[in-house]
1. Enter the accessible area of K82 (Å², nearest 10), with the probe set to 1.4 Å and all protein chains included.
2. Give me a comma-separated list of calculated 3J(HN,Hα) values for the range 117-123, in order, Karplus coefficients 6.51, -1.76, 1.60 applied at θ = phi - 60°, integers in Hz, x for any Gly or Pro.
3. Tell me, in nm to one decimal, what length is gained between K93 and D80 on full extension, where the rule is 0.36 nm per residue of separation less the Cα-Cα distance?
Amino acid sequence: MTTAATASGVVLLLSLKTAVADSNPLPPTTGGAVASGPLPSGASPSATSGSGSASAAKTVTGDAANTRYGPIQVKITVKDGKITDISVPEYPKENPVDQMLNSRALPQLRQEAIVAQSAHIDVVSGATYTSDGYTQSLQSAIDKAGL
């Protein structure tokens with residue numbers, strides 16, 4: 001009897017996760033990258049490549065960080081020595097659970113990183129592997145940008 005109740009509970013939980021994931025798709029993106037949410041005041045979403053001028057924005061892509069569920073790669077836009085935008089061209093999105101978690105976690109990580117201007121940000125609850133991969137790739141991009 002206990003085994004049957006446990007099995008029924010597991011089936012119900014799995015069907016709940018699938019239903020939640022289906023009703024919460026990833027936000028629309030450009031080129032497969034997740035970049036959403038408001039920017040802090042004074043930040044610009046421009047993503048042009050710089051030509052050496054101190055005021056021109058440049059984009060830098062961090063190394064892909066391998067996580068348990070797949071690679072994550074972060075691209076930052078830097079202008080005047082500050083991170084003005086972050087996108088994620090590569091992240092796990094193969095199944096509904098990945099889609100649900102990343103649609104919530106990636107915008108939150110982006111916002112925290114832009115505000116902090118570093119990879120020293122909090123882990124998103126329920127998305128530890130995504131958070132760890134994000135911060136690894138972000139630190140790589142920051143290092144490459146010389147920040």
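The values are calculated or read from the model by the stated rules, or taken from the named source; none is laboratory data. Quick caveat, the model's predicted, so the values are computed rather than measured. Accessible surface is based on the protein model in full, side chains and every heavy atom, while ligands, DNA and RNA are left aside. Shrake-Rupley method; radii C 1.70, N 1.55, O 1.52, S 1.80 Å.
1. 120 Å²
2. Those phi angles translate into 6, 7, 8, 8, 10, 6, 6 Hz.
3. Numbers: separation 13, 0.36 × 13 = 4.68 nm, distance 3.31 nm.
Extra length available between K93 and D80 comes to 1.4 nm.
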